[in-house]
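The values are calculated or read from the model by the stated rules, or taken from the named source; none is laboratory data. Every value quoted in this text rests on a predicted model; they were computed, and no experiment measured them. We place every Cβ from the backbone using ideal geometry, glycine too, and count neighbours over all the protein chains shown.
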Amino acid sequence: MQIEIFTTGGTIDKVYFDAKSTFEIGEPQIIEVLHEANLSIDYQVTQLMRKDSLELTDDDRQKVRQAVQSSTAAQIVITHGTDTMTDTAKALAGISGKTIVLTGAMQPARFRFTDAVFNIASAMMAAQTLPGGVYIAMNGQVFDPRTTHKNIELNRFETI
């Protein structure tokens with residue numbers, strides 16, 4: 001296995017239920033995105049949870065950390081909600097021997113206009129090319145989670 005992908009939920013996996021007029025976390029959308037991309041690399045997708053990142057707890061972050069540590073893969077991609085992505089990334093600090101890249105989306109992957117496909121592709125490339133450490137791949141850039149925040153007003157990640 002070359003890359004292990006862990007899914008936690010977030011906007012990337014949201015599904016709109018018209019009758020309810022709400023979004024709910026659905027099946028991991030990265031599976032469909034990668035299938036459509038016709039990748040020729042080896043990867044495995046493991047669903048850890050289906051939560052909006054604002055609902056993630058310290059126990060959830062510990063579960064993510066344990067999954068990453070237990071993985072035999074040296075290259076890890078984690079799909080995650082954007083609101084607390086930096087918190088989870090910081091909780092993964094210090095895991096050696098692995099390149100860990102978190103990514104997500106500002107619009108659900110099922111939407112016609114979404115940043116999910118580009119962000120997933122960026123994360124997959126980053127996991128294969130960057131040295132060991134923890135990174136965030138969003139908005140066409142790779143960020144250090146220790147010096148990054150989500151600018152809610154501009155709907156993008158930025159270095160602080």
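Of all the criteria given as (1) without any contact (Cβ under 8 Å) to a residue 40 or more places away in the chain; (2) buried (at least 21 other Cβ atoms within 10 Å of the Cβ), the one not satisfied by residue 129 is (2).
The rows are residues; the columns are (1) surrounded by fewer than 21 Cβ atoms within 10 Å (Cβ to Cβ); (2) modelled with pLDDT of 95 or more.
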position	(1), (2)
1	yes, no
11	no, no
21	yes, no
44	yes, yes
60	yes, yes
65	yes, yes
68	yes, yes
72	yes, yes
75	no, yes
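Only a single criterion out of (1) among the charged types (D, E, K, R); (2) within 19 Å of residue 106 (Cα to Cα); (3) in contact with a helix residue (DSSP H, G or I) (Cβ under 8 Å, 6 or more places away or on another chain) is not satisfied by residue 55, namely (3). The residue list 72, 99, 84 contains one member that is under 12 Å from residue 8 (Cβ atoms) and either touching a residue at least 24 places away in the same chain (Cβ under 8 Å) or touching a Cys at 6+ places or on another chain (Cβ under 7 Å) (or both), which is 84. Within region 84-109, the set of residues being within 12 Å of the chain's Cα centre (by Cα) and at pLDDT 95 or above comprises 84, 85, 86, 88, 89, 100, 101, 102, 103. Residue pairs whose Cβ atoms lie under 6 Å apart, sitting 6 or more positions apart in sequence or on different chains, and linking a residue in region 143-160 that is charged (D, E, K, R) to a partner that is surrounded by 14 or more Cβ atoms within 10 Å (Cβ to Cβ), are 150/82; 150/157; 156/139. On the given criteria, is residue 127 touching a strand residue (DSSP E or B) at 6+ places or on another chain (Cβ under 9 Å), of a type outside the set (Lys, Arg), modelled with pLDDT of 95 or more and part of a loop (DSSP other than H, G, I, E, B)? When the stated conditions are applied, residue 127 does not pass them. Taking region 143-160 as the range and being farther than 16 Å from residue 92 by Cα and assigned to a strand (DSSP E or B) as the test, the residues that pass are 149, 150, 151, 156, 157, 158, 159.
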